[in-house]
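Notes for the one structure printed next.
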Amino acid sequence: MTADLRAHIARRLELTEDEVFDGRPLSAVLVASPVAINSIDLLDAFAGALADVGLDDDVELPTMTLDHTAGDVVAALAGQLESAPSS
C-alpha cells in the first residue's frame with residue numbers, strides 16, 4: 001500500500017519519490033514541486049493519491065504542519081489502516 005501511495009504522491013507533485021521522501025520537510029517539498037503552489041496543493045496531492053490507490057474512504061488525512069515530512073504523513077495513514085477493524 002505505502003509503495004503505491006508514495007509513487008502516486010510523487011507523480012502528482014511532479015517530483016521523484018526521492019525528492020518527496022528524502023526526509024525534507026513538506027515546506028521544502030512544496031518549494032521543489034513545479035505544480036504545488038501552496039499547502040492546499042500538497043493536501044490535494046495526498047488526497048488524490050489516496051483516491052488513486054482506493055484508500056480515500058478508509059483513512060483521513062492527518063493534521064500536520066509543513067515542518068513534518070511526507071514520510072510522517074504516509075506513516076500516519078498506514079497507522080490508521082493498521083488500527084482499522086477488519087471487515
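One table, with the values for the structure above:
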item	result
The chain: relative contact order in percent, alpha carbon pairs under 8 Å with at least 6 residues between	34 percent
Cα gyration tensor of the stretch 22-87 - equivalent ellipsoid semi-axes, whole Å, descending	23, 13, 8
Carbon plus sulfur fraction of accessible area for the chain, probe 1.4 Å, in percent	49 percent
Cα→Cβ-extended label distance, 7 Å offset, between residue 24 and residue 84, nm	3.1 nm
Per-residue ³J(HN,Hα) for the stretch 7-12, Karplus 6.51 cos²θ - 1.76 cosθ + 1.60, θ = phi - 60°, Hz, x for Gly and Pro	4, 5, 4, 4, 4, 5
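The values are calculated or read from the model by the stated rules, or taken from the named source; none is laboratory data. Here the structure is a predicted model, which means the values were calculated and not measured. Glycine also receives a Cβ, built like all others from the backbone with ideal geometry; neighbour counts cover every protein chain displayed. We work out accessible area using only protein heavy atoms, side chains counted, and drop any ligands, DNA or RNA first. Shrake-Rupley method; radii C 1.70, N 1.55, O 1.52, S 1.80 Å.
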